[in-house]
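Worksheet: the structure to be examined is printed underneath.
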Amino acid sequence: MHADAPKLPSRLGRYEVIAKLGKGGMAQVHLAVARGVGGFNKLVVLKRLDSEDPSFRRMFLDEARLAALLHHPNVVDTYEVSETDGSYFIAMEYLEGQPLDKLIRDCRKQERFLEPRLCARIVADALAGLHYTHELRDYSGAPLEVVHRDISPHNLLLTYEGTVKVLDFGVARTTAKTSQTDVGMLKGKLAYMAPEQAASQPLDRRADIFAMGAVFWELLTLQRLRHADSAAGVLNEAIAGQLPDLAKARPGLNRQLEIVLWRALAPSPIRRYSTAQDMRDALLAYLALDSCSTEELAAFMQQRFGQQRERVQRQVAECLRHAEGQDPVISITGEQDAAPLSVPSWSNSSRSLPRLDSGSLRLQPDDATTPLAPESMLPSSQPPPAKDTGSPAISRSSLLGDDDRRDGNHARWLFMTAFVACCAIVVFWWRTPSGQSVPVMAGRPPLTPHVPSVILRLHGSNTIGQELAPRLAEAFLKQRGYAAVERSAPGEQSSVTGRDPHDGKPGEIQILAHGSATAFTDLASGQCDVGMSSRHIKPEEAELLQRKGLGDLESAAGEHVLALDGIAVIVHPNSKLERVDLNALQRVFTGEVADFAAVGGARGAPHLYARDDRSGTFDTFKHLVLQDHPLAPTAQRFADSVELSGAVARDPQGIGFIGIPYIRGARALAVGAPGATALYPSSFTIATEGYELSRRLYLYLPVLGVTPLAQEFVSFALSSEGQAAVKASGFVDLTLRATATGPCLGCPARYAELSRSGRRLSLDFRFRKGSSDLDNRGLRDLDRLVAFLQEERQPRLVLVGFSDARGSTTQNVTLSLERAQRLSAELSDRGVRAVEVEAMGSALPVASNDSESGREKNRRVEVWLR
């Protein structure tokens, strides 16, 4: 065992620590497992404070508070921030993949450039996560003005599934930080710092855009942007804004990408992209002509690092077996040629941990999680300057990487060439006569020409059907063992096909996304098996389906909440408008507002953009905003969400509404009812349904005569694997999370104390109209809550009831108490005993009490842990 192996309690909170991943300036990082019933194991990464210094503790807790707010497919997910026996730690998702610095070193060793389209795809996806963090707001809707300050290849990870993740917010600056950077103290890595950051001048999000430009440069050229031999030299280069010759570093680069690079790396912040989304849009325009998919990134990672992935998976499996006491000794081999390390048995109190080089969220010695001296800000393994002779253009086949480069050993080169030629999983490319790039898998048996038989039909909402339903269908077929699973191009009509594992016949899941109303007409006519809707079924639709013999689709067996979404009101990124109430929004979209300045926009008529009549998005907007008023006839109508978002993003006078995942290059407004706080759409405000325009996404099944495969599909969609697809599609999944909310100013004393000391779960229970019975989401959330509490260590559960404001103060407190007690009884029936109940009456409304929909939102029970 290494001499410096740390001694650590076997558990941190509810997590059993099984291996060491790394150590930074103020934290240790460990691999741990959360165990559940039925052999359930979930791997997590624990970042544990390893210092008694109060300033380090403040920095660590600042990072924790920020991490708890982050929820985006391209940002590392944080599950929990906690403290056990004086040890503070952050529990994060375990990512299988490689940081970009290792990818770059591997390509440099192979003497192969990465394809420009692959580099553009990686950076575009990273920019999506970065833009999300820049736009982040706290629970009151106040902007946090996050600046990461340490964007580098070390803090960007590419998973084996082809997803890019932004990591490590240890030195991020926000308006909510309690710790301050000392004057003259630099945080970050000099090699990627913007000039203003290196000069310790005031900075904003554009410093991160410069750093992302430096990462893009390094991916394209395999060289550092700055080449000085010392930290002082790099600092001088950074402050001076000196940039090397791109034509020498990467000859023949596409002019469109050159423009992106030079604008991102402009010495003056004014000349850079104003937002990460602007830079991403420029890269997406390039990728529209030379695309690179997530699947190609995944294939690239498998080809480059597949063997290392398998080796690490074996090591993790050994750690898990060892932790369960099945093996007295295990071997950990951090590198392929490393000598095995014997690991002694662990005691119950403390133990030596194996070192695991997983490539997943480990800290490196140069990670800037603390203020560093300038010499420490240079990333390790600085590459040698590239040769001036240039390099030949890289063929498309290099996207998946060739391992046939000569290393001075002719025999080895011949062997590797033969190996690659014979390997059945090598992917190559050819050009069709039209010039279209076609991927081909060598050795893959061709599909038979028979038309696939339709095994499942999903009809309805465009919001669900465009991206989420195909992703769910793909994961569903793979879970059932189907081979050669493929998705068609997204659109109103799409499909997912694969080969049945039993008879090899091709099968197809048909997806028709023509609007939520078609879900119910097609169910009624027998044309679909599962209805997709972005609104609740209407009474007349439920009555029709019952008459058709399908049963009560409003019951728990017929209606299933798949995910949560919000309708975002979007404007041009440079619009002066920041927030809007529902009354003003109604006047704008009914055409009453002739001058945008009347509601806070720029002078001139507002240009209205709306979804078409078949859309569930429009149905919900009509119900929540327009009510009985017609949409202005001047509004431009769109069947496609992406097209609508793009139109608003290009129009300075534009205002529209869209599902949350389709905000794209536009900017979302804070929305609130008159008299209620205006909130921005976020994962938390949508998960709790506190955001005024939040909504549920539904799957509907016939109660009578349901197709078994349809029932199986819906069960899969509601499972943890299905909810992972929901999250990956940009919607808010139903997975429960506990979040520290911080002080609540102006709140009732009991609630303010709970806010300071407790954590709020990402769900509120609501009730059927005119009843104390839980609604269909609440019934399923009960089971989710029980499962969540089983993983918590001795939780103290607090249920806080609220009412609307229609009755007297005494009546409202009584009603809110009854609802909380009803929920407590439901939990008690399921074995949950440690429950406290609070009643707040009509205090702290989340919506206006002037409408029935607002009153329904205010009648709720919040769930807290303390």
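Points to keep in mind about this one:
- Residue pairs meeting the criteria (Cβ under 6 Å; at least 6 apart or on separate chains; first farther than 22 Å from Gln98 by Cα and open to solvent by 20 Å² or more (accessible area, probe 1.4 Å), in segment 309-330; second modelled with pLDDT of 80 or more and aliphatic (A, V, I, L, M)): Ala323/Ile18
- The listed residue being in contact with an Asp or Glu (Cβ under 6 Å, 6 or more places away or on another chain), closer than 15 Å to Ile464 by Cα and hydrophobic (A, V, I, L, M, F, W, C), out of Val496, Val485, Val561, Val530: Val496
- Selection from segment 266-285 of residues that are touching a Gly at 6+ places or on another chain (Cβ under 6 Å) and at pLDDT 90 or above: Gln277, Asp281
- Residue count for segment 667-718, restricted to those that are under 19 Å from Met532 (Cα atoms) and out of contact with any Gly (no Cβ under 6 Å at 6 or more places or on another chain): 19
- Once segment 475-503 is narrowed to residues that are in contact with a strand residue (DSSP E or B) (Cβ under 8 Å, 6 or more places away or on another chain) and more than 16 Å from Val454 (Cβ to Cβ), the residue that is surrounded by the fewest Cβ atoms within 10 Å (Cβ to Cβ) is Pro501.
- Single residue of Thr620, Thr590 found to be in contact with a helix residue (DSSP H, G or I) (Cβ under 8 Å, 6 or more places away or on another chain) and not aliphatic (A, V, I, L, M): Thr590
- Taken over segment 51-82, the residue count meeting the criterion of being buried (at least 19 other Cβ atoms within 10 Å of the Cβ), farther than 17 Å from Leu144 by Cα, under 15 Å from the mean Cα position of the chain (by Cα) and in contact (Cβ under 8 Å) with a residue 40 or more places away in the chain is 3.
- Residues of segment 751-782 classified as assigned to a helix (DSSP H, G or I), in contact (Cβ under 8 Å) with a residue 24 or more places away in the chain and loosely packed, with under 14 Cβ neighbours inside 10 Å, total: 1
- Among all residues of segment 141-154, there is at least one that is part of a loop (DSSP other than H, G, I, E, B) and either modelled with pLDDT of 90 or more or over 22 Å from the mean Cα position of the chain (by Cα) (or both).
- Which numbered condition Ile90 fails, given (1) modelled with pLDDT of 75 or more; (2) surrounded by fewer than 22 Cβ atoms within 10 Å (Cβ to Cβ); (3) under 18 Å from the mean Cα position of the chain (by Cα); (4) not polar (S, T, N, Q): (2)
- Residue within segment 618-637 that is buried (at least 21 other Cβ atoms within 10 Å of the Cβ) and not in a helix (DSSP H, G or I) present: no
- A single member of Val29, Val17 is surrounded by 15 or more Cβ atoms within 10 Å (Cβ to Cβ), out of contact with any His (no Cβ under 8 Å at 6 or more places or on another chain), modelled with pLDDT of 75 or more and β-branched (Val, Ile, Thr), and it is Val29.
- Scanning segment 243-258 for residues that are open to solvent by less than 90 Å² (accessible area, probe 1.4 Å) and either assigned to a helix (DSSP H, G or I) or at pLDDT 85 or above (or both) yields Leu246, Ala247, Ala249, Arg250, Pro251, Gly252, Leu253, Asn254, Gln256, Leu257, Glu258.
- The listed residue being touching a residue at least 40 places away in the same chain (Cβ under 8 Å) and farther than 18 Å from Val671 by Cβ, out of Leu562, Leu626: Leu562
- Any helices (runs of 4 or more DSSP H) falling wholly within segment 660-739 and containing at least 1 residues that are within 15 Å of the chain's Cα centre (by Cα) and closer than 19 Å to Gly460 by Cβ: 720-728
- Single match in Thr677, Thr707 (criterion: surrounded by fewer than 24 Cβ atoms within 10 Å (Cβ to Cβ) and within 25 Å of His134 (Cα to Cα)): Thr677
- Being modelled with pLDDT of 90 or more and surrounded by 24 or more Cβ atoms within 10 Å (Cβ to Cβ) holds for only one residue in Arg650, Arg667, Arg611, and it is Arg611.
- Complete set of residues in segment 138-154 that are of a type in the set (Gly, Ala, Ser) and in contact (Cβ under 8 Å) with a residue 40 or more places away in the chain: Ser140, Gly141, Ser152
- Single residue of Leu545, Leu523, Leu550, Leu562 found to be open to solvent by less than 10 Å² (accessible area, probe 1.4 Å) and out of contact with any strand residue (DSSP E or B) (no Cβ under 8 Å at 6 or more places or on another chain): Leu545
- When Gly742, Gly722 are checked against the criterion of being in contact (Cβ under 8 Å) with a residue 60 or more places away in the chain, surrounded by fewer than 20 Cβ atoms within 10 Å (Cβ to Cβ) and of a type outside the set (A, V, I, L, M, F, W, C), a single residue qualifies: Gly742.
- Residues that are open to solvent by 30 Å² or more (accessible area, probe 1.4 Å) and without any contact (Cβ under 8 Å) to a residue 40 or more places away in the chain were ranked within segment 270-285; the one that is farthest from Pro202 (Cα to Cα) is Ala285.
- Restricting attention to segment 825-866, the residues being open to solvent by less than 30 Å² (accessible area, probe 1.4 Å), in contact with a Ser or Thr (Cβ under 7 Å, 6 or more places away or on another chain) and closer than 18 Å to Ala752 by Cα number 3.
Condition check ((1) in contact with a Gly (Cβ under 8 Å, 6 or more places away or on another chain); (2) open to solvent by less than 10 Å² (accessible area, probe 1.4 Å); (3) at pLDDT below 75) across all residues:
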{"site": "Val183", "(1), (2), (3)": "no, no, yes"}
{"site": "Gly188", "(1), (2), (3)": "no, yes, yes"}
{"site": "Met193", "(1), (2), (3)": "no, yes, no"}
{"site": "Arg205", "(1), (2), (3)": "no, no, no"}
{"site": "Asp208", "(1), (2), (3)": "no, yes, no"}
{"site": "Trp217", "(1), (2), (3)": "no, yes, no"}
{"site": "Leu220", "(1), (2), (3)": "no, yes, no"}
{"site": "Gly241", "(1), (2), (3)": "no, no, yes"}
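- For segment 260-278, filtering for residues that are of a type in the set (A, V, I, L, M) and more than 17 Å from Ala126 (Cα to Cα) leaves 2.
The values are calculated or read from the model by the stated rules, or taken from the named source; none is laboratory data. Since the structure is predicted, the reported quantities are computational estimates derived from the model, not experimental observations. Every residue, glycine as well, gets a Cβ built from its backbone with ideal geometry; the counts of neighbours run over all protein chains shown. Accessible surface is based on the protein model in full, side chains and every heavy atom, while ligands, DNA and RNA are left aside. Shrake-Rupley method; radii C 1.70, N 1.55, O 1.52, S 1.80 Å.
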